[in-house]
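Quick notes on the structure that follows.
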Amino acid sequence: MYYAVHNMSKSFSLPLAITLLASLSSCTGIHYKTFRNGFSGVEGDINPKTRIFLVGGGYPNATFAREVANQKEYWLSQGYSKEQIACYYVPPPTDLIDEKGEVLKDTQQAEVLKQFEHLKHSVEDCFMASTKSLIRHIESLQKENPSSIYIYITGHGLPPLKHLSYVAISSKKSDKESDVNDWIKDMNDRIKVEKSKKKWKKILSLEQWVNTYSLQMAAVRKKAFDTYYFMDPPAMAYEFAEDNPNAVNDYLLTPGGLSNALNKLPHSTKKYLVLMGCYSGGFILPPQQAPQGHTLQNVQNISVLTASSSIKVSFINPNDLKTFYGESYFKNLKNLNKNKTFDSIDWKELLKETKESVLQKEKSLKIDPKLFSDPQFFSNMKN
C-alpha cells in the first residue's frame, strides 16, 4: 500500500481495490508474449547469469514500472549485461475501476496508458510480476552459487490485516478507515464460516493471510485457468486460499516466502535487498516480534533497506508519479556507487542519506510527523 499526497496537504488515499483479468498462455523456457494493450514481456526461466532482480509489483499506474525501468537503465550503464538482469512489471490494464466499482472514463484510462507509453521498450523483456515466478527464479540460482545478488522490489505493502485498524490513515476519521475495517470483518467472518464447515486447511490458509506482512505482486495466476488476475490482497486471500495452506506464500510476497527462497541460496551468497512499500519494515522485524517468527533476519549474509517501518506507510506524489523513497534512494545510489557494483556500496551510508532525503520531502509537504515513514535497515553481513 502506498499513500498518495495531494496538493501538499495532509490528505491521503488508499490504492484502488481492483480485480482485472488478462489472458496469457503458459509456456516453458523464455518466450516473448504480448500481454495486453500491445505491451510485451517474457515468460519462462531466468538466465543462470542473473544477479539483479528488479520488481515492480504495484498496480495500476506506471510508477512502479518506471522505477524498474530506471534501475535497469542505470545498472546497464554501470557495466552489467542484459543477461545479468531480470525485471518484472504489471502491464497497463484494459479497464480501470474506481473505488465505487465503476469503470473510469476514457480520458482517465488514456492517461494511465500514456504513463506507460515511453516504457514499452524498457519492459518488453520483463516478466509478469507474480510471486510464484519471482520465488522460483530466485531459488533457481542455488545451483549457480552466486557471490552476490541484488533484489529491488517496489509496490504496495500491507501489514497483517488484523492490525490495519490501528493505522492512522489521515488526521481525522476517514471513510477509507471504515473500508479497511470492513475488510477485516469480512475475513474474520469467512474464517468462522470455514470453521463451521470444518475445512481446517482453508482456515489455516486464511488465518495466515490475516497474520502476515506482505508486498503486492499484482499478477497472480490460478492453476484452474490459464489466466492472470489483478486484484487486491484481501480479495486474493479468499479467492486463492482453497485447500492450500501455503497459498499466502504463493500469491503474496511475504517475509516467510521470501526468506525461504533466499535461504535456498548458499549461505556465502551476499544478498542485498531494497523493499519499497508501506509497512515494509515488517519484513525485517526481530524473530520474537515478527508474526509467526517469519523475518528476513533469519536469512544469512543479508542487508535490507525498507521504505518504511513496520507500522508506517510510505508516500507517493501522484503529480509526478514518484515514490518518495524510490526517488531519494535512486539519487543517493548514483552518488554513492563509485565503483559501479552493488557489492561496493556503503549501505549504511545509503540508508542515512536516503532517510534524510525522505524526511525533508515529508516535511516540505507538511505531512503530519506522526505519519513520517521512518525507513529502516538491517544487516548481518560480516564485511
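The values are calculated or read from the model by the stated rules, or taken from the named source; none is laboratory data. Just so it is clear, the model here is predicted, and its values are computed rather than measured. As a convention, Cβ positions derive from the backbone with ideal geometry for all residues, glycine included, and neighbour counts pool all protein chains shown.
Values computed for the structure shown
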read-out: Filter result for the condition that a residue is part of a helix (DSSP H, G or I) and charged (D, E, K, R), over Lys338, Lys382, Lys370; value: Lys370
read-out: Any hit, segment 367-381, residues being over 19 Å from Ala307 (Cβ atoms), surrounded by 12 or more Cβ atoms within 10 Å (Cβ to Cβ) and modelled with pLDDT under 95; value: yes
read-out: First in segment 255-270 and under 15 Å from Ser379 (Cβ atoms), second anywhere and among the small types (Gly, Ala, Ser) and modelled with pLDDT of 95 or more, Cβ under 6 Å, 6 or more apart; value: Lys270/Ser148
read-out: Entirely in segment 246-328, the strands (runs of 3 or more DSSP E) that have 2 or more residues that are modelled with pLDDT of 95 or more; value: 270-276, 302-306
read-out: Cβ-Cβ under 7 Å pairs, at least 6 apart or on other chains, segment 30-58 side more than 23 Å from Glu117 (Cβ to Cβ) and surrounded by fewer than 16 Cβ atoms within 10 Å (Cβ to Cβ), far side at pLDDT 80 or above and of a type in the set (Val, Ile, Thr); value: Ile30/Val42; His31/Val42
read-out: Subset of segment 133-147 [on the phi < 0 side of the Ramachandran plot and either in contact with a helix residue (DSSP H, G or I) (Cβ under 6 Å, 6 or more places away or on another chain) or polar (S, T, N, Q) (or both)]; value: Ser133, Ile135, Ile138, Glu139, Ser140, Gln142, Ser147
read-out: Residues satisfying the stated conditions in segment 297-344, i.e. free of Cβ contacts under 8 Å to residues at least 40 places away in the same chain and surrounded by 15 or more Cβ atoms within 10 Å (Cβ to Cβ); value: Asn298, Glu327, Ser328, Asn332, Leu336
read-out: Qualifying residues in segment 88-137 (those that are crowded, with 19+ Cβ neighbours inside 10 Å and part of a helix (DSSP H, G or I)) - the one modelled with the lowest pLDDT; value: Phe116
read-out: Residue that is farthest from Leu134 (Cα to Cα), among those in segment 76-87 that are free of Cβ contacts under 8 Å to residues at least 40 places away in the same chain and in a helix (DSSP H, G or I); value: Ser77
read-out: Residue match in segment 210-223 (condition: modelled with pLDDT under 60 and either within 25 Å of Ser308 (Cβ to Cβ) or of a type in the set (Val, Ile, Thr) (or both)); value: no
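Quick grid of which residues meet (1) closer than 25 Å to Ser214 by Cα; (2) within 21 Å of the chain's Cα centre (by Cα):
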position	(1), (2)
Gln289	yes, no
His294	yes, yes
Val299	yes, yes
Ile302	yes, yes
Ser314	yes, yes
Asn335	no, no
Thr341	no, no
Trp347	yes, yes
Leu350	yes, yes
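Residue-by-condition table, conditions (1) surrounded by fewer than 16 Cβ atoms within 10 Å (Cβ to Cβ); (2) modelled with pLDDT under 95; (3) under 15 Å from Gly282 (Cα atoms):
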residue: Glu139; (1), (2), (3): yes, no, no
residue: Pro146; (1), (2), (3): no, no, no
residue: Ile151; (1), (2), (3): no, no, no
residue: Gly157; (1), (2), (3): no, yes, yes
residue: Leu161; (1), (2), (3): no, yes, yes
residue: Ile169; (1), (2), (3): no, yes, no
residue: Glu177; (1), (2), (3): no, yes, no
